[in-house]
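For reference, the structure discussed in these notes is given below.
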Amino acid sequence: MPTIAALLETRGALTALRRSLPKGGPKVLSCRSPDALHRTLEKRLIDAVVLAPQPGLLPELSVLRAQLPRVPLVVFGPFRPDDGELLLACRDSGSAVAVEGVDDPIVGELVVRSSITAERRRALADAPRVLRLTEPLQRSAWDLLVGEVERPIRTSVLARRLRISREHLSRQFGAGGAPNLKRVIDLTRIACAAQLLANPGYSIPTVVRLLHFTSAAHLASTARRIANVPSADLATLGPRGVLAAFVRGNTRSRR
């Protein structure tokens, strides 16, 4: 399940964020300090970051933007009439802004709409068509897979989520010329790796850790099998490029 990291001033802001997220959506991990936030970003796959609009956090905002420019930032707190300079700084950093007490009912929607998962879904919007995922079961499985990439999901777990048998899922997913399920799971994870590696602050070892590959060699072999490129070239491809490379000749197992 996607995770949002929050560094907020008040319990009310944290509560508003949690309440406004869609049911069954991302969970919120509260960080108590900028150092804790950085440690979280190094250890967990984070879908978006929500920060309080404190002037003292502006240097922190600049560091985050420089290291992780593709990780969405939402600034959420009680802006005052004299916070014009702070608002401009937030805007210039590329952060979305939500005002505590005004945007409480929609702040979760704003975060989800700008999240890494949402961006990946947009980048891979053509995947069901080009992968020939035409049946409702195939599309339902794809919808789950593209949103849950932190760990390789087991076929039995996916089948249970879809309320069907493992055998039926395995048999039906690859019907009609679609790729087999294992390769599509790898596709969604390599697309996410490409997303993360576009951030200067995310090295290959970090991405290996965040996506729970067993090693850098495992990531490299999966990238070759799915996109026919070394790990270092994934950032240039991005998720859309990974999908295009996959469709050009990697949709079927070579075994």
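Specify the angular offset, from 0 to 90 degrees and rounded to the nearest 10, of the alpha carbon long axis of helix 34-43 from the longest principal axis of the alpha carbons in the chain.
For helix 34-43, the angle is close to 0 degrees.
Once phi is turned into θ = phi - 60°, what whole-Hz ³J(HN,Hα) does the Karplus curve with 6.51, -1.76 and 1.60 give for every residue of the range 127-133, x standing for Gly and Pro?
Per-residue couplings from phi come out as 4, x, 6, 6, 8, 6, 8 Hz.
Quote the charge dipole size of the range 42-175 about the Cα centre in Debye, to the nearest 20; the model charges only the Cβ of Lys and Arg (+1) and of Asp and Glu (-1).
Computed about the Cα centre, the dipole is about 1120 debye.
Using a ≥ b ≥ c from the Cα gyration tensor of the range 121-255 (square roots of the eigenvalues), is it rounded, prolate or oblate, where a/c under 1.5 gives rounded and otherwise the larger of a/b and b/c decides, a/b for prolate?
Taking the square roots of the gyration eigenvalues as a ≥ b ≥ c, the range 121-255 is prolate.
Among V63, V74, V184, which one moves the most in a GNM of the chain with springs linking Cα atoms closer than 10 Å?
Of V63, V74, V184, the Gaussian network model singles out V63 as fluctuating most.
Under the rule of -39500 (n - 2.57) per DSSP H run of 4 or more residues, summed and divided by the residues of the chain, what mean residue ellipticity at 222 nm is obtained, to the nearest 500 deg cm²/dmol?
Details: 14 runs with 138 residues, N = 255.
-16000 deg cm²/dmol, from helical runs alone.
For V229, what residues show an amide H to amide H distance below 5 Å, using hydrogens built from the backbone and excluding near sequence neighbours?
Here the answer is R224, since their amide H atoms fall under 5 Å of that of V229.
Mean-square fluctuation check for the chain, GNM, Cα pairs under 10 Å: which of V99, V28, V157 is largest?
Looking only at V99, V28, V157, the biggest GNM fluctuation is shown by V157.
For the range 1-56, count the residues as N, evaluate 2.2 N^0.38 Å, and divide the Cα radius of gyration by that value, please.
So the Cα radius of gyration is 1.09 times the expected 2.2 N^0.38 Å.
Kindly sort D186, D104 by accessible area of their heavy atoms, largest first, with the probe set to 1.4 Å.
My answer, sorted largest first, is D104, D186.
May I ask you to derive the relative contact order of the range 72-113, considering only C-alpha pairs under 8 Å and at least 6 residues apart, and to give it as an integer percent?
50 percent
Cα centroids of the range 19-59 and the range 202-221: how far apart, whole angstrom?
23 Å
Enumerate the amide H contacts of L29 below 5 Å, restricted to partners 5 or more residues apart or on another chain; note that Pro and chain-start residues carry no placed amide H.
Long-range HN contacts for L29: I4, A5, A6.
In whole Hz, what ³J(HN,Hα) sequence does the range 80-91 give by Karplus (6.51, -1.76, 1.60; θ = phi - 60°), x for Gly and Pro?
9, x, 8, 9, x, 5, 5, 4, 5, 5, 5, 5
Pull out a ≥ b ≥ c, the square roots of the eigenvalues of the alpha-carbon gyration tensor of the range 86-190, then state rounded if a/c is under 1.5, prolate if not and a/b is larger than b/c, and oblate in the remaining case.
In terms of gyration-tensor shape, prolate.
Using protein chains only and a probe of 1.4 angstrom, how many square angstrom of E60 are accessible, to the nearest 10?
The accessible area comes out at roughly 30 Å².
I need the Debye-formula profile for the range 1-158: one equal scatterer per C-alpha, no solvent, reported as log10 I(q)/I(0) at q = 0.15, 0.17, 0.18 1/Å, two decimals.
-0.82, -0.99, -1.08
Taking the 0 to 90 degree range and rounding to the nearest ten, how far is the long axis of helix 136-147 tilted relative to the main principal axis of the chain, both from C-alpha atoms?
That works out to roughly 50 degrees.
Looking at the square roots a ≥ b ≥ c of the eigenvalues of the Cα gyration tensor of the range 48-111, which shape do they give, rounded for a/c under 1.5, prolate if a/b is larger than b/c, or oblate?
Here the range 48-111 falls in the oblate category.
Considering only I46, I226, I106, give the residue with the highest GNM mean-square fluctuation for the chain, with springs between Cα atoms whenever their separation is below 10 Å.
Highest fluctuation among the options: I106.
With θ set to phi - 60° and the Karplus curve 6.51 cos²θ - 1.76 cosθ + 1.60, what are the ³J(HN,Hα) couplings of the range 45-58 in order, to the nearest whole Hz, using x for Gly and Pro?
Couplings: 6, 10, 7, 6, 10, 10, 10, 7, x, 8, x, x, 8, 4 Hz.
The values are calculated or read from the model by the stated rules, or taken from the named source; none is laboratory data. Just so you know, these numbers come straight off a predicted model, no measurement behind them. Virtual Cβ from ideal backbone geometry, glycine too; neighbours counted across all protein chains shown. To get the accessible areas, we keep the full protein, side chains included, count just its heavy atoms, and leave off ligands, DNA and RNA. Shrake-Rupley method; radii C 1.70, N 1.55, O 1.52, S 1.80 Å.
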